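The values are calculated or read from the model by the stated rules, or taken from the named source; none is laboratory data. As the structure is a prediction and not an experimental result, all values here were calculated from the model. All Cβ positions, glycine included, derive from the backbone under ideal geometry; neighbour counts span all protein chains shown. Surface areas here come from the heavy atoms of the whole protein model, side chains and all, with no ligands, DNA or RNA. Shrake-Rupley method; radii C 1.70, N 1.55, O 1.52, S 1.80 Å.
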Amino acid sequence: WIPTFLFRVHGYSLSRAAILFGIIAGSNGIGATLLGGWIGDRLHERHHGAYYAFSGVAMLLAVPLMVLAIYARGGLLVPAMFMAVFMVLINTAPSNTAVVNSVNAGIRSTALAVNTFLIHALGDAFSPTIIGWVSDRSSLRTAFGLTFVAAAISGVFFLVGTRFAPRLVGRPVDTHAELYAE
């Protein structure tokens, strides 16, 4: 919906809007995810619930940036959009790690598969229709309000999950050292 939003509200051509948002999503999909994994690992060295806490704080910080991105005008629009997407995606690696660390090793693949399915079933599958329906009855900006609420709820769930984060036993394994040890 962002390219449509940029077209309808800000007068971008659809192709320019799609390219711009593709660059924002693609660069953040790589950069924010990698940085989030690195930060999550550093924080986890000090606090066992860090993957959850980091993800929750990131989602809560994303909400005002999302609001700003939808209501910004002029030169603030693209940077606000970039930062909103950055904050939404920076929790990708820590949240996946939280899932992996929360289940028995024998079902980790299944847990990630279920997690991925639920993210897409509850988000991607229905959100375009719901946002379109609300937009048709009010405005696209109003419809995006649903995404603000969803992001805030996910942030709260992550923060609550911090209380239930399992304590991992032992130190992380240096796989490179094991590979080359004789």
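Quick notes
- Residue 71 being in contact (Cβ under 8 Å) with a residue 24 or more places away in the chain and open to solvent by less than 40 Å² (accessible area, probe 1.4 Å): no
- Residue check, residue 144 part of a helix (DSSP H, G or I) and surrounded by 20 or more Cβ atoms within 10 Å (Cβ to Cβ): yes
- So residue 31, is it modelled with pLDDT of 95 or more, touching a helix residue (DSSP H, G or I) at 6+ places or on another chain (Cβ under 8 Å) and either surrounded by 15 or more Cβ atoms within 10 Å (Cβ to Cβ) or part of a helix (DSSP H, G or I) (or both): yes
- Residue 155 open to solvent by less than 40 Å² (accessible area, probe 1.4 Å), assigned to a helix (DSSP H, G or I) and at pLDDT 90 or above: yes
- Candidates 43, 6: the one that is open to solvent by less than 30 Å² (accessible area, probe 1.4 Å) and either part of a helix (DSSP H, G or I) or within 24 Å of residue 70 (Cα to Cα) (or both) is 6.
- Number of the condition not met by residue 21 [criteria: (1) closer than 20 Å to residue 155 by Cβ; (2) crowded, with 19+ Cβ neighbours inside 10 Å]: (1)
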